[in-house]
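What follows is a set of notes on a single structure, which appears directly below.
Here, each number is a calculation from the coordinates, and none is a lab measurement. Only a predicted model underlies this, so the values are computations on that prediction, with no experimental measurement involved. Cβ: placed from backbone, ideal geometry, glycine included. Neighbour counts: every protein chain shown.
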Amino acid sequence: MKLYQTLLHFYPASFRADYGEEMTAVFARRRRDANWAALAWLWIETVIDVLWNAALVHLDILGQDLRYAARTLGRAPGFTITAIAVAGDYGGVHHGESCAAAAVSVRTTGAAGETV
């Protein structure tokens, strides 16, 4: 059961909190009822199922978050424009800072890394 519970960590924490206990109980019942040949197939099926469905749950949550962000930003267009402008300017500032730091570094060190 430890392996199955580890597999459940591919799901988001909120999903595990809501459904993890029930999923574990269903898997335990299926594992108990399976013979040795069916047990191997059960694990293969379970790994594929968990990986596929966990990805779908993550995509669903991402979609919900993006829709929420779009609704929120759509309600305040002035804030949205300011946020985009500041975010774009912020990236430019850091790019300029890194270029300036690199230029200073090149000027103050020699080819072998010695201070000039």
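Between ASP33 and VAL86, the simple label model (points 7 Å from Cα in the Cβ direction) yields a spacing of 5.7 nm. Taking the Cα centre of the stretch 1-75 as origin and assigning +1 to Lys and Arg Cβ atoms and -1 to Asp and Glu Cβ atoms, the resulting dipole is close to 120 debye.
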